[in-house]
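Undergrad: Below are the structure tokens for one structure; questions will follow.
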Amino acid sequence: MSDKKNFLDDINRPKPESFQEEVFIKHKRNLLPSIIVASSVLIAVLVLILVFTRGAAIPDMSGWTGNDVKEWSDSKNILVVIKDVYSSDYEAGVFISAQPEAGTKVGRNDTVTVTVSKGADPNEEIVFPDLKNMTLGQVNAWIDENKLTGVTIRKENSSVFPVDAVINYEMVDGSESTFIRKHRVRVYVSLGPSILDETVSVPSFSDYDKAQVLKWADDYEINVEFLEQFSEYVEYGRVASQSIEAYTKMNRTDVLVITLSLGKALKVPDFTGMSKTEAAEVANGLGIQLQYKNEVSKKPEGTVLGQDYEPGVEIHSKQMVTLTLAAESEFITIPNLIGLSSSEASGLAGIHGLNIFMMQKESTEPSGTVIGLSAAQGSEINKDDILYVYVSKGNILVPDFSAMSRQAADLWAMDNGISVTYVEVYSDIYGSGVLFGQNHPEGMLLDTERLVVYQSLGKISVRDFSGSTKLDVLEWQQEVNSKGANIALKFHTVDIPGMDINRVVDQSFKNELIGLSSRLDVWISTDGGVIAPDFTGLHDEDFMDWCEDNGITYRIEKVYSNEYSKGILFGQNFTGIAIPEGTAFIISESIGRPTIPLFRGFREIEVRGWVNNVNLSGAELKLTIVYEYSPTVAVDMVIRQNIADKTVDTGTEIKVYISLGPAD
């Protein structure tokens, strides 16, 4: 049994002497530090409440920006609502007004509404002025007054408009009637005429070619003369020297002499007696270009018989030496082929080893009969050459149509399977409907010819043009003159109040028949406007001064002319009549006759481009391209031309030879 006792036994057990009843004494706390801390916290809270609830007076924000307002609201802990509005009175971002007004005290729970400008409304309609009659200062004032953002001003020289006058303008957006502030407009303002100094600074032409020198001279209106000389150091075509030192001044009236390099001088050797291969090797080593022609000789084929440049002559790298080479002398005697049929001639030619090519020609001989040869019978022809054999087509006999009616002529054409073209023309001699002429006389009709028969329209009937326009009369003149007439018109002007301008009032012939070369006088109504004088033979300054004095819009078109010298006026669209309001007065100014440049170094497309460009100004040049093989000139490059560095008449034919490269 366990000896462990109950805890109640311990309570009742006798206590030692040391164990006595304990007495607890309550101590007093010191509250002063706590009171001090609590007071400090209370004071801080009161200060914060005072700071954040005491409010602030709204200052005078005149001249402030939106950022200034935001900084003030952040520093005062005031709620500010910024309202952006368009305004023509305030720049973008600038303060306009506040609600409540300045001086009003507001607290943290209050809201201040501040209105700030977005600048002028870009979509506001603006009255578009007459810019063409304004100056630069007036344009700038219009821009500033209306706070325009899309107007740009460009300045350029003009010999017509005075300095700062508006030359023209261009609408990029919208139109004059729908113009708003943000629309873009380009305004062109005159700098006055360009003024050339009496002297010109001369550059160094050391890297220039002839074309570049000519462009510089043209830009600065300088007269240039060219010389050529060999040079060991300057490549062909480049400037070797100049008569006026680079970076100095020259008078505009002086002549600049430019010496162009021909490159290194190449001494021509004696090729005579060499073979073609030997000559080519020698020439290649010297940098000389060769071309060849053949000549029948008893010497071995390909032997050099002669050369176009004597031995020892100096040439440049672009020149070509032509060598004459020996060729075999093998000929065939042409047999008698004339009178044979084409099949008989072909068989006989084959027996003799002839190369023939048959061509049809018009003849009264039966169809298929040989009527001619390109070389005489009995003569010799090279075995490699082609003999052209001409064979008859057979033809039709044409009658005299002047004795026939139109119906009879149609029946003849139908019977013979011929198409007849009838051309109706006016005639003072033959009555209307009469056949009176033909392009081919009575006799044989060649197969390649077109048969044209002329039928009379009789004399010219002039209708009543009253009330018609001048253009109507001109169109009538063009129509009758295209049919063989030669009617001349003379216009007169008469001022009739209340009548539309440029209307026919009267005419010298009306509802009458007149001769082919008659003159018709026509009186045209006018509003008393400006009558255009004849400026033919005068200069552009005379024309421009008159147009500007009379407020007339004009245009000068520069064209080539054989008849008129450079700078002379001709060919105006109005003469002796009133110029209609709003219509341009147009006249041509001669730039003289065209000058054909040297096309050396040009490609075919560049030649065609140059011709097309001058033809746009009335040169009317006719370009013929001839293709031929060349062992020395690259494919598509110019070999030579029939006219170079020469002034020609308009309508001249230019023949340019283009390389196909070496023959295979």
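The values are calculated or read from the model by the stated rules, or taken from the named source; none is laboratory data. Computed from a predicted structure; not experimentally measured. Cβ placement follows ideal geometry from the backbone for every residue including glycine, while neighbour counts extend to all protein chains displayed. Ligands, DNA and RNA are excluded from the accessible area calculation, which covers all protein heavy atoms including side chains. Shrake-Rupley method; radii C 1.70, N 1.55, O 1.52, S 1.80 Å.
Undergrad: Would you check which residues across the stretch 541-568 are surrounded by 13 or more Cβ atoms within 10 Å (Cβ to Cβ), free of Cβ contacts under 8 Å to residues at least 60 places away in the same chain and either more than 25 Å from GLY651 (Cβ to Cβ) or over 27 Å from the mean Cα position of the chain (by Cα) (or both) and list them?
TA: Matches in the stretch 541-568: ASP542, PHE543, TRP546, CYS547, ASN550, ILE552, TYR554.
Undergrad: Right, ASP545: over 22 Å from ASP428 (Cβ atoms), at pLDDT 90 or above and part of a strand (DSSP E or B) or not?
TA: Spelling it out, it is not the case that ASP545 is over 22 Å from ASP428 (Cβ atoms), at pLDDT 90 or above and part of a strand (DSSP E or B).
Undergrad: So which strands (runs of 3 or more DSSP E) stay within the stretch 287-338 end to end and still have 3 or more residues that are exposed (fewer than 14 other Cβ atoms within 10 Å of the Cβ)?
TA: Ranges flagged: 289-296.
Undergrad: Need the failing condition index for LYS510 against (1) surrounded by 14 or more Cβ atoms within 10 Å (Cβ to Cβ); (2) without any contact (Cβ under 8 Å) to a residue 60 or more places away in the chain, just the number.
TA: LYS510 satisfies every listed condition except (1).
Undergrad: Of everything in the stretch 73-97 that's part of a strand (DSSP E or B) and charged (D, E, K, R), which residue is most open to solvent (accessible area, probe 1.4 Å)?
TA: LYS83
Undergrad: Quick check on my filter: what residues within the stretch 367-395 are loosely packed, with under 14 Cβ neighbours inside 10 Å and of a type in the set (Val, Ile, Thr)?
TA: Residue satisfying the conditions is ILE386 alone.
Results for (1) touching an Asp or Glu at 6+ places or on another chain (Cβ under 8 Å); (2) open to solvent by less than 70 Å² (accessible area, probe 1.4 Å); (3) in a loop (DSSP other than H, G, I, E, B); (4) not polar (S, T, N, Q), shown as yes or no for each residue.
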| position | (1), (2), (3), (4) |
| --- | --- |
| VAL127 | no, no, yes, yes |
| LYS132 | no, no, no, yes |
| ILE143 | no, yes, no, yes |
| ARG154 | no, no, no, yes |
| PHE161 | no, no, yes, yes |
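Undergrad: In the stretch 170-189, is there at least one residue being hydroxyl-bearing (Ser, Thr, Tyr), in a strand (DSSP E or B) and open to solvent by less than 40 Å² (accessible area, probe 1.4 Å)?
TA: No, the stretch 170-189 contains no residue that is hydroxyl-bearing (Ser, Thr, Tyr), in a strand (DSSP E or B) and open to solvent by less than 40 Å² (accessible area, probe 1.4 Å).
Undergrad: Exactly one condition in (1) small (Gly, Ala, Ser); (2) part of a helix (DSSP H, G or I); (3) surrounded by 17 or more Cβ atoms within 10 Å (Cβ to Cβ) is false for ALA408; which is it?
TA: So the condition that ALA408 fails would be (3).
Undergrad: Only one of (1) surrounded by fewer than 17 Cβ atoms within 10 Å (Cβ to Cβ); (2) touching a residue at least 12 places away in the same chain (Cβ under 8 Å); (3) out of contact with any helix residue (DSSP H, G or I) (no Cβ under 9 Å at 6 or more places or on another chain) fails for VAL607. Which number is that?
TA: The number of the failed condition is (1).
Undergrad: Return the residue satisfying two criteria in turn: it lies in the stretch 255-286 and is under 30 Å from PRO203 (Cβ atoms) and in a loop (DSSP other than H, G, I, E, B), and of such residues it is least open to solvent (accessible area, probe 1.4 Å).
TA: Applying the filter and picking the extreme gives GLY263.
Undergrad: Quick check: is even one residue across the stretch 356-366 at pLDDT 90 or above and either β-branched (Val, Ile, Thr) or open to solvent by less than 50 Å² (accessible area, probe 1.4 Å) (or both)? Give the steps one after another, and end with the answer.
TA: Within the stretch 356-366, the first condition is being at pLDDT 90 or above, and the residues that meet it are 356-357.
This time we only want the ones that are either β-branched (Val, Ile, Thr) or open to solvent by less than 50 Å² (accessible area, probe 1.4 Å) (or both), so: 356.
Yes, there is a match, as at least one residue in the stretch 356-366 is at pLDDT 90 or above and either β-branched (Val, Ile, Thr) or open to solvent by less than 50 Å² (accessible area, probe 1.4 Å) (or both).
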